[in-house]
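First comes the structure, then the notes that go with it.
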Amino acid sequence: MQFFTGYNEYKVHLLPTILLVVEGLVMSVIVGIAVAVILHLIPVLEPFIYPLLVISQNIPVIVVAPLLVIWFGFGLLPKLIVITLVCFFPVTVSLLEGLKSGDKDLKKYMLISGANRSQLFAKLEWPSSLPYLFNGLKIAGTYSVMGAIISEWLGSDKGLGKYMILSQRAFQVDKVFVAIIWIVIFALLIFAVIRLLEKVMVRWKHD
C-alpha cells in the first residue's frame, strides 16, 4: 500500500503542512477572538460588521487565493490569510454567542455590588463563553487542515497540497488518496487536542 511503501517519498511534505496548519489556526483564533470581543464590548458595531463577516464566508476561497498571491507574493502571508478566511468565522460566531450567555441574575448582582465593565467581562462573561469558544475551535480546527491544503495550492514547493497536485497531474490516484488520508489524520488529531484542552480549561462544565 502506497501509504506505507511510499513514506520515504512523501514524508518531506508532512512537516510543512503541519506547521502551516498550526500557524494558520493560531492566527485564525487570534483574529476570531479579537473580532468577537470587539463586537461584544462595542455592540453598536455589530449590525455593521456582522453582515460583512457572513459575506466573507460566501466568497469562494479558491477564487480569492490567486489574487492574494498577486497582492502579497508567494510567501507565508497569503497562505495564512487563506486559512484565516476559512477558520475565523466559527470562532467569532461561537464566542460572540458565548459572551452573551452569562447568567443575567449574576450579572445584576455584580452590578449592584459595584462591578465595573472589565470585571464583568473577566469574572462572568469570558468564563461563561469558554464552552462556546471551544465549540467554535473544534470546527475551525477541522477546517484549518483543508485551508492549509488550499493555500499550498498557491505555489508551495512542499506540503501535502503540493504532493496532491503533483500526484493528480501524474494520474497517480493512489498517492492522491495517501494525501487525503493524512488530511483526515491531521484533522482528527487537531480535534482531539482541542477536546483535551477543553477538558483541562473547562473542568466545571464536565463536572
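Coordinate-derived values only; no laboratory data. What you see is a predicted model, and the numbers here were worked out from it, not measured in a lab. Reconstructed Cβ throughout: ideal geometry from the backbone, glycine too, with neighbour counts over all protein chains shown.
What the table shows:
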| quantity | calculated |
| --- | --- |
| Student exercise, the chain dipole from Lys, Arg, Asp, Glu Cβ charges, in Debye to nearest 20 | 280 |
| Highest-MSF residue in the chain out of Ile83, Ile62, Ile42 [GNM, Cα springs under 10 Å] | Ile42 |
| Theoretical ellipticity at 222 nm over the chain - DSSP helices of four or more residues, -39500 (n - 2.57) apiece, nearest 500 | -26000 deg cm²/dmol |
| The chain: most fluctuating residue of Lys158, Lys175, Lys108 per GNM, C-alpha cutoff 10 Å | Lys108 |
| Choice from Gly159, Gly102, Gly32 with maximal GNM fluctuation in the chain (Cα, 10 Å cutoff) | Gly102 |
| Among the listed pairs Lys79/Lys175; Lys11/Lys79; Lys104/Lys138; Lys79/Lys162, those beyond 25 Å (Cα-Cα) | Lys104/Lys138 |
| Point-charge dipole on Cβ atoms (K/R +1, D/E -1) for the range 49-116, about Cα centre, debye to 20 | 80 |
| Helix 173-201 vs. the chain, principal-axis angle (Cα, 0 to 90°, nearest 10) | 20 |
| Sequence-separation-based contact order of the range 1-142, relative, with Cα cut under 8 Å and 6+ spacing, percent | 30 |
| Length gained when the stretch Gln119-Ile42 is fully extended (0.36 nm per residue, less Cα-Cα span) | 26.1 nm |
| Fraction of the pair-distance distribution of the range 142-207 above 21 Å, Cα-Cα pairs, percent | 38 |
| Binned Cα-Cα distance frequencies in the chain - 10 Å width, integer % | 8, 29, 29, 19, 10, 4, 1 |
| Cα-Cα pairs of the range 1-81 separated by more than 15 Å (percent) | 73 |
| Label-point gap, in nm, between Val184 and Asn58 - each point 7 angstrom along Cα→Cβ | 3.3 |
